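See structure below.
The values are calculated or read from the model by the stated rules, or taken from the named source; none is laboratory data. All values reported here derive from a predicted model rather than from experimental measurement. Here the Cβ positions follow ideal geometry from the backbone for every residue, glycine too, while neighbour counts run over all protein chains shown.
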Amino acid sequence: MDANTVGLRTKDYWFDLPESQIAQDPLADRTGSKLMVLDKEEGTVSHHIFKDVIDFLNEGDCLVLNNTKVIPARLYGVKKDTGACIEILLLKRLEADVWECLVKPGKKCRTGAVIDFGDGKLTGEIVAQQEDGNRQIRFFYEGIWEEILDSLGEMPLPPYITHKLKDKDRYQTVFAKYEGSAAAPTAGLHFTNELLEKIQKKGIKLAFVTLHVGLGTFRPVKVDNVLEHQMHSEYYQVTKEACDIINETKANGGRVICVGTTSTRTIESASDENGILHPGSGDTQIFIYPGYRFKILDCLITNFHLPESTLLMLVSALAGRENVLAAYNEAVTSGYRFFSFGDAMFIK
C-alpha cells in the first residue's frame, strides 16, 4: 500500500494541543472527569461527566477491564565505583531476579557495572546489553522483592507529567490485581468501586483481562509510513471466565465495551477470525490502525491520546480518522484535559 495513502502517514494523526491542557494531577474525584461521547457512525459528539457513563451502557452489555497493577518501577541509585547517579526503569521481568531495564545515563553503565540503591538495601549488576540499548540487570537483596521495591521505587509516570504524584494509588485502578506494568491502563482510572457496583446492578457484566503495559505505549512513531512502525511486545493473559462472559455477551447480542486500548489489544490478540475469544497467555505486538477489522470490540472507553501516537491510530481505526480528529479539536476548544490523568471519551 502506498505510504502516501491518507491514514497511513504518521503526520495524518497530528493535532495542536496547548501544553496547558496536559493534565498534571489526578482529580480528587475519579468519576468527576469530563466525558465526551462520540457516535462512530454519525461522527457527532456530546459532552457529559464521567459518572454519567452508566447512562450509555445497556443491560446485557459487557465491560472489559485490564486488572494489571503498576509496579513502582523507577529506581534511583549510584554506581558503586564512581558514585555517579543512575536512574533505572524496570520494564520486564526476564527471570526470578533479572529484569530488562532502561538505564540513564546508559554510557556509564556497561556490562559488569554495579549499582547501589537505598544505601545498599538493593544492588544491581548489569549482566547484558541488548541491541535496543536496554540493559539486563540481576538484583541482589535480602527480604521480599515487592516490599523492597515498594520502599525504594517511584511510580513510573509518563514523561509528559512533570508534577510529583502525592498518592501512589492514584496511578492505579481500583481493580488492579496482578503486578507487572510499567504504566497504568489509564481509562480505568476513572472508575470507583461504587460506580462499578451500580453498573453491575444495571445488568452489565464485568470481564477482567490482564495486559502488562510496556513503555512502548508512550514511544513516539518515528517513521513517516505507519506500516513501518514496530510495536513493543506486551504480556497478556485471558482466563476462561473472561472468555465465557465476553463470548456469551456477543452470542446474546450485547455489546463488548473495552475500557482502554490495553484491554482492546488483549481481546483482539486472543480472538480468532470468527470473533470467538480463547483463553491463553503470551506476548502480543498487535498494531491496530485504520483498515483493521475488529473481531470482538464494539465500543471503547478511552482517554485522549498524544498526537501521532499508536493509541490515536487505534482509536481512529474504530471511529474513523476524520471523526476522531474533529472530536479532538472540539475537546481542545472545550478545555478538555489530555493524557493519563485527563478526561475520557466513550466511542459508541
Next on the checklist: What's the number of the only condition in (1) among the small types (G, A, S); (2) free of Cβ contacts under 8 Å to residues at least 40 places away in the same chain; (3) not in a loop (DSSP other than H, G, I, E, B) that G275 fails to meet?
Outcome noted: (3)
Item to check | Residues located in the stretch 17-30, provided they are assigned to a helix (DSSP H, G or I) and crowded, with 18+ Cβ neighbours inside 10 Å | outcome: R30
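So that you can scan it fast, the table gives a plain yes or no per residue for (1) in a strand (DSSP E or B); (2) acidic (D, E); (3) surrounded by fewer than 19 Cβ atoms within 10 Å (Cβ to Cβ); (4) not assigned by TED's automatic domain parsing to the domain that holds G260:
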position: G60; (1), (2), (3), (4): no, no, yes, no
position: L65; (1), (2), (3), (4): yes, no, no, no
position: V78; (1), (2), (3), (4): yes, no, yes, yes
position: G112; (1), (2), (3), (4): no, no, yes, yes
position: T123; (1), (2), (3), (4): yes, no, yes, yes
position: I126; (1), (2), (3), (4): yes, no, no, yes
position: D132; (1), (2), (3), (4): no, yes, yes, yes
Item to check | Some residue of the stretch 240-261 being outside any helix (DSSP H, G or I), in contact with a Lys or Arg (Cβ under 8 Å, 6 or more places away or on another chain), without any contact (Cβ under 8 Å) to a residue 40 or more places away in the chain and buried (at least 17 other Cβ atoms within 10 Å of the Cβ) | outcome: no
Checklist entry - Looking at this structure, is R110 within 28 Å of the chain's Cα centre (by Cα) and either over 25 Å from A184 (Cβ atoms) or touching a residue at least 24 places away in the same chain (Cβ under 8 Å) (or both)? => result no
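Let's see how each residue does on (1) assigned by TED's automatic domain parsing to the domain that holds E131; (2) within 20 Å of F339 (Cβ to Cβ); (3) surrounded by fewer than 20 Cβ atoms within 10 Å (Cβ to Cβ):
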| site | (1), (2), (3) |
| --- | --- |
| F15 | no, yes, yes |
| G32 | no, yes, yes |
| M36 | no, yes, no |
| G43 | no, no, yes |
| I49 | no, yes, yes |
| L90 | yes, no, no |
| E100 | yes, no, yes |
Next on the checklist: With the structure loaded, tell me whether K92 is touching a residue at least 60 places away in the same chain (Cβ under 8 Å), among the charged types (D, E, K, R) and under 30 Å from D283 (Cβ atoms) or whether it fails that test.
Outcome noted: yes
Checklist entry - So which residues in the stretch 15-42 are under 20 Å from the mean Cα position of the chain (by Cα) and either modelled with pLDDT under 95 or not small (G, A, S) (or both), if there are any at all? => result Q21, I22, Q24, D25, P26, L27, R30, T31, K34, L35, M36
Next on the checklist: Here's a check for you: in the stretch 120-179, which residue that is basic (K, R) and modelled with pLDDT of 90 or more is farthest from L27 (Cα to Cα)?
Outcome noted: R138
Next on the checklist: Report every pair of residues separated by at least 6 positions or lying on different chains whose Cβ atoms are under 7 Å apart, first residue within the stretch 15-32 and more than 17 Å from I161 (Cα to Cα), second among the polar types (S, T, N, Q) and at pLDDT 95 or above.
Outcome noted: F15/N329; R30/T192; T31/T192
Checklist entry - In the stretch 169-192, is there at least one residue being of a type in the set (A, V, I, L, M, F, W, C), surrounded by 12 or more Cβ atoms within 10 Å (Cβ to Cβ) and not in a loop (DSSP other than H, G, I, E, B)? => result yes
Item to check | Residue match in the stretch 321-342 (condition: crowded, with 22+ Cβ neighbours inside 10 Å, closer than 10 Å to Y13 by Cβ, modelled with pLDDT of 95 or more and among the β-branched types (V, I, T)) | outcome: yes
Checklist entry - Which one is surrounded by the fewest Cβ atoms within 10 Å (Cβ to Cβ), of the residues in the stretch 212-239 that are at pLDDT below 90, in contact with a Ser or Thr (Cβ under 9 Å, 6 or more places away or on another chain) and in a helix (DSSP H, G or I)? => result G216
Checklist entry - Cβ-Cβ below 6 Å, separation at least six or inter-chain, first residue in the stretch 134-163 and within 16 Å of V98 (Cα to Cα) and free of Cβ contacts under 8 Å to residues at least 60 places away in the same chain, second charged (D, E, K, R) and crowded, with 16+ Cβ neighbours inside 10 Å: which pairs? => result N134/E100; Q136/E100; R138/E125
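Being touching a strand residue (DSSP E or B) at 6+ places or on another chain (Cβ under 9 Å) and either touching a residue at least 24 places away in the same chain (Cβ under 8 Å) or in a strand (DSSP E or B) (or both) is the filter here, so list the residues in the stretch 42-58 that pass it. Full working, then the answer.
The first filter runs over the stretch 42-58 and keeps only residues touching a strand residue (DSSP E or B) at 6+ places or on another chain (Cβ under 9 Å), leaving 44-53, 55-57.
Matches in the stretch 42-58: V45, S46, H47, H48, I49, F50, K51, V53, F56, L57.
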